[in-house]
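Beneath this line is the structure, given in C-alpha cells, with notes to follow.
The values are calculated or read from the model by the stated rules, or taken from the named source; none is laboratory data. Not measured: the values here are computed from a predicted model. Positions of Cβ are backbone-derived with ideal geometry, glycine not excepted, and every protein chain shown enters the neighbour counts. Heads up: the accessible areas ignore ligands, DNA and RNA and are worked out on the full protein's heavy atoms, side chains in. Shrake-Rupley method; radii C 1.70, N 1.55, O 1.52, S 1.80 Å.
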Amino acid sequence: MSTPTLRTGEPLVHAVNVSKSFHDNHVLRGIDLDVYPGQVVVLLGPSGSGKTTFIRCINQLETIDGGRIFVDGELMGYADKGGVLHRLKDKEIAAQRRDIGMVFQRFNLFPHKTVLENVMEAPIKVKGENRKVVEERAIALLGRVGLADKPAAYPGQLSGGQQQRVAIARALAMQPKLMLFDEPTSALDPELVGEVLAVMRELAASGMTMIVVTHEMGFAKEVSDHVVFMDGGVVVEEGHPNDVIGNPQHERTKLFLRRVLAEDESG
Amino acid sequence: MTTQTMDRPGEINARPVRHPGRWVAVAIIAIVAAMMISSLVTNPKWDFGYAFQIMQQSSVINGLWMGTILGTVGSMILGVVLGVILAVMRLSDNFVLRGVAFVYTWFFRAMPRYVLLAIMASGVGYLYNKFDIGVPFGQQIAKSLGLSSDLTFFQFNWNDYSSTVWIGILGLGLSEAAYMAEIARAGILSVDKGQAEAAQALGMSPGMTMTRIVLPQAMRVIVPPTGNETIAMVKDTSLFIAANVITELYYQSTLFGSKAFKIMPGFVAATLWYLIVCSILMVGQSYLEKYYGRGFGAPTGKKRKKAEQKIIAAGADH
Ligand SMILES: Nc1ncnc2c1ncn2[C@@H]1O[C@H](COP(=O)(O)OP(=O)(O)O)[C@@H](O)[C@H]1O
Ligand SMILES: [Mg+2]
C-alpha cells in the first residue's frame, strides 16, 4: 500500500458507516470514506453499485438511514443535540449545500436562462452577493472553462461538452470547498469528453477537493490521489490509483477493470 | 456525377389526384354564406346602425370595463394564484395538504358557475349577514370568560358586497382555481426533476427552487391553456347576472336593446364586443407563448406535448 499524497489536517469529507435503502433495496451497506483538502478521489464501480447514491448523500439530495457524513466538520442533514439527532429544516440543509458544488451526468443547466444567468443565479439569489462582483467572477469563470464567447447563449444552443463546462462554471461560482462529479462525461459524444476532462484536470491542479465518479481510467490514473472501488454498496478496495488500477487485489476489481479497459479499446 | 442520358427517367409530370368532394363542399358553403349575407342586408330588423349605437352607450362601455374586463382580470388573477397554490399543495409530501387540494378541486369542478354565483350572492348572505373577523370562537370564549370585548377586530357586512363585481370575481375566481390547479400541476410535472436537483445542489431553498427554476419553465406548458381559460372567462362573466351583478356587458347591451324593442341589435352589440376583446386576447397569448418559450427553440418537446394533452383532457369538461 502506498501512502496517499495529500493528507494534512482534518478530512474535509468524513463519511462513517453510511447506509441507505430504497424500500427493501439495500443500496449502501456501510461506506467509510475520508477526503482530505485538495485531494481528488475517484469512485469506480459497476452500474448499480451505489456510486451516484453515495455522492448524492454527501450533499443531502438523498437522506441516509445509518452512519454519519461530516463535511468540513459539520454533520450533514442533522443537528446532534446531546446524542439525539434532529433533522434539519429545509432552509438549513440548503445552507449546508452552498459550499458543495455538484456536476450532473445530464448537465441540468437551466434552459430558460442564458449561460451567464445560469452562472450568476445562485451567488446572487442564494448568497445575496453583489451583482457586479458576481458578474465579473462569472465572466472570469466562463473564460476559465473556455466559453468566454458564449455568455448570451441559451443552453439549448450549446454542444453537450460546452453545456457541461457551463455546469462546472455554475458550480464554481458559489466558490465551493468541495466539488462532486457524477459521471460528468458519460452523456457526451466521445470527441467532446476531452474538453470537459481538461477543465477538470485544471481544477484539480488548482487545488480543488473533488470526488469524481467516472469510468475514465486515464483521468483516474493521472489526476486522482485516491481511488475507491465500490460494488454492491460496499467499498471493495481502495488506495493509490497505481495500486487499485495497476495492481488490483480483488477478483471483482480485476473483472470490472478488464471490462472497462476492453470497452475503452473497442470504443 | 453522371450526365443525363436519354434512357434515364426525367422530370415527373404526373396528373394531380382529383377531389370532387371538396368542390361539392365549397358549393354548399357558398350557398349558405350567400343566404346569410342576404338576410343581413335585406332584413331591416338586424339594424346594424342601432347595434353600433348600443356599443357606444356609456352604460354598455361601463359594463364592458367595470364588469366584463375587470371581472375577467380579477377572477383570473385569483384563479391563477390560488390554482398554483393548490397545485403545489397537490404535489406536497403532506397528505393533509394533498387531501384539501383534492377535495377543493373536486368540489369546484363539479359546481356549475351559475349556481355558484347565485349561492355566493344570496345564499351566503342568507346564512351569515355579518362577518366578524377576530380570534376563532372569540365570542364564545369571551362569553365564558366574562370579558367585555368579544375578541372581534373587524366586521363586515356581506350584503354590502353582494351584487357588486367583487362577488362575481370571488365566485368565478374560486371556480377557476380548480381548473388552474390542474393546469399548473401538469406544468410543474412537465419540468425535468434534474432541474430542481440542480437548484437544490446550488443551495436554493424549496420555495426559491419552485419560484425561480421550476415555475418559469412550467410556464411554457401553463401559458397556452391559461390563455384559453382567460378567453373562456371573458364569456363566463355574462353569468354575473346570477349574482345580481348588472354592471356587465351582456346585461347592459340587451337591456338597451329590449328597451327600444330592438332585441337583435342588443345581442349583436354584445357579440361584437366579445369578438373584439377575445381577438385582442388571442394576439396577446401568442406573444406570451413566445416569451415563455425562450431558450427552448421550437416548442415541440415530447414532454410538453404530453402535458398539453393532459391539460386538454383536464379542461375538456368545462
Ligand atoms: N430514487 C431511487 N429510488 C429507488 N431506487 C433507486 C433510486 N436511486 C437509485 N436506486 C437504486 O439504487 C441502486 C444504486 O444506484 P446508483 O447509486 O445509481 O448506482 P450507480 O451510480 O453506481 O450506477 C440501483 O439498484 C438503483 O436501482
Ligand atoms: Mg450513477
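Brief remarks on what is shown
- Qualifying positions in segment A:95-152 - at the interface with chain B (Cβ under 8 Å from one of its Cβ atoms) and among the aliphatic types (A, V, I, L, M): A:Ala95, A:Ile100, A:Met102, A:Leu109, A:Ala122, A:Val126
- Beta carbons closer than 8 Å, at least 6 apart along the sequence or on distinct chains, pair a first residue in segment A:191-207 that is without any contact (Cβ under 8 Å) to a residue 60 or more places away in the chain with a second that is among the aromatic types (Phe, Trp, Tyr) for A:Leu197/A:Phe219; A:Met200/A:Phe181; A:Met200/A:Phe219; A:Arg201/A:Phe219.
- Condition check for A:Arg106: in contact (Cβ under 8 Å) with a residue 60 or more places away in the chain, open to solvent by 20 Å² or more (accessible area, probe 1.4 Å) and of a type in the set (Lys, Arg): yes
- Helices (runs of 4 or more DSSP H) contained entirely in segment B:1-89, each with at least 3 residues that are open to solvent by less than 60 Å² (accessible area, probe 1.4 Å) and not small (Gly, Ala, Ser): B:48-55
- Any hit, segment B:110-126, residues being open to solvent by less than 60 Å² (accessible area, probe 1.4 Å), more than 32 Å from the chain's Cα centre (by Cα) and on the phi < 0 side of the Ramachandran plot: no
- Residue list for segment A:28-72, filter: near ligand 1 (Cβ under 9 Å from one of its atoms), under 17 Å from A:Thr214 (Cα atoms) and more than 14 Å from chain B (Cβ to nearest Cβ): A:Leu43, A:Gly45, A:Pro46, A:Ser47, A:Gly48, A:Ser49, A:Gly50, A:Lys51, A:Phe54
- Qualifying residue in segment B:207-218 (condition: buried (at least 22 other Cβ atoms within 10 Å of the Cβ), in contact with a strand residue (DSSP E or B) (Cβ under 7 Å, 6 or more places away or on another chain) and of a type outside the set (S, T, N, Q)): no
- Leading residue by the ranking (farthest from B:Ala121 (Cα to Cα)) among those in segment B:236-251 that are in contact with a Gly (Cβ under 6 Å, 6 or more places away or on another chain) and hydrophobic (A, V, I, L, M, F, W, C): B:Leu249
- Some residue of segment A:96-114 being under 30 Å from B:Pro216 (Cβ atoms) and in a helix (DSSP H, G or I): yes
- So A:Gly48, is it open to solvent by 70 Å² or more (accessible area, probe 1.4 Å), within 16 Å of ligand 2 (Cβ to nearest atom) and without any contact (Cβ under 8 Å) to a residue 40 or more places away in the chain: yes
- Candidate set: segment B:267-280, residues that are within 16 Å of the chain's Cα centre (by Cα) and either open to solvent by 60 Å² or more (accessible area, probe 1.4 Å) or hydroxyl-bearing (Ser, Thr, Tyr) (or both); chosen: the one nearest to B:Val234 (Cα to Cα): B:Tyr274
- Meets criteria (away from ligand 1 (no atom under 16 Å from the Cβ), over 30 Å from A:Phe256 (Cα atoms), polar (S, T, N, Q) and under 17 Å from the mean Cα position of the chain (by Cα)) for A:Gln175: yes
- Matching residues, segment A:80-94, being open to solvent by 90 Å² or more (accessible area, probe 1.4 Å) and more than 8 Å from every other protein chain (Cβ to nearest Cβ): A:Asp80, A:Lys81, A:Arg87, A:Lys89
- Considering segment B:239-259, and only residues there that are among the polar types (S, T, N, Q) and in contact (Cβ under 8 Å) with a residue 40 or more places away in the chain, the residue that is farthest from B:Val60 (Cα to Cα) turns out to be B:Asn244.
- Residue match in segment A:60-83 (condition: within 16 Å of ligand 2 (Cβ to nearest atom) and either more than 30 Å from A:Leu257 (Cβ to Cβ) or of a type outside the set (Lys, Arg) (or both)): yes
- Checking A:Gln164 against (1) within 16 Å of ligand 2 (Cβ to nearest atom); (2) more than 14 Å from chain B (Cβ to nearest Cβ); (3) touching a helix residue (DSSP H, G or I) at 6+ places or on another chain (Cβ under 6 Å), the condition it does not meet: (2)
- Leading residue by the ranking (farthest from the other protein chains (Cβ to nearest Cβ)) among those in segment A:167-186 that are part of a strand (DSSP E or B), within 16 Å of ligand 2 (Cβ to nearest atom) and open to solvent by less than 10 Å² (accessible area, probe 1.4 Å): A:Phe181
- With respect to (1) aromatic (Phe, Trp, Tyr); (2) within 19 Å of A:Ile211 (Cβ to Cβ); (3) more than 16 Å from ligand 1 (Cβ to nearest atom), the lone exception for A:Tyr78 is condition (2).
- Boolean, B:Ser175 is assigned to a helix (DSSP H, G or I) and open to solvent by 80 Å² or more (accessible area, probe 1.4 Å): no
- The number of residues in segment A:187-212 that are within 16 Å of ligand 2 (Cβ to nearest atom), under 14 Å from the mean Cα position of the chain (by Cα) and more than 14 Å from every other protein chain (Cβ to nearest Cβ) comes to 1.
- A:Ala15 crowded, with 22+ Cβ neighbours inside 10 Å and either of a type outside the set (Lys, Arg) or more than 16 Å from ligand 2 (Cβ to nearest atom) (or both): yes
A quick yes/no check of all residues on (1) within 30 Å of B:Ile280 (Cβ to Cβ); (2) facing chain A (nearest Cβ under 9 Å); (3) over 23 Å from the mean Cα position of the chain (by Cα); (4) of a type outside the set (Val, Ile, Thr):
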site	(1), (2), (3), (4)
B:Asp192	no, yes, yes, yes
B:Glu197	no, yes, yes, yes
B:Met208	no, yes, yes, yes
B:Ile213	no, yes, yes, no
B:Val221	yes, no, no, no
B:Pro225	yes, no, no, yes
B:Ile231	yes, no, no, no
B:Ile241	yes, no, no, no
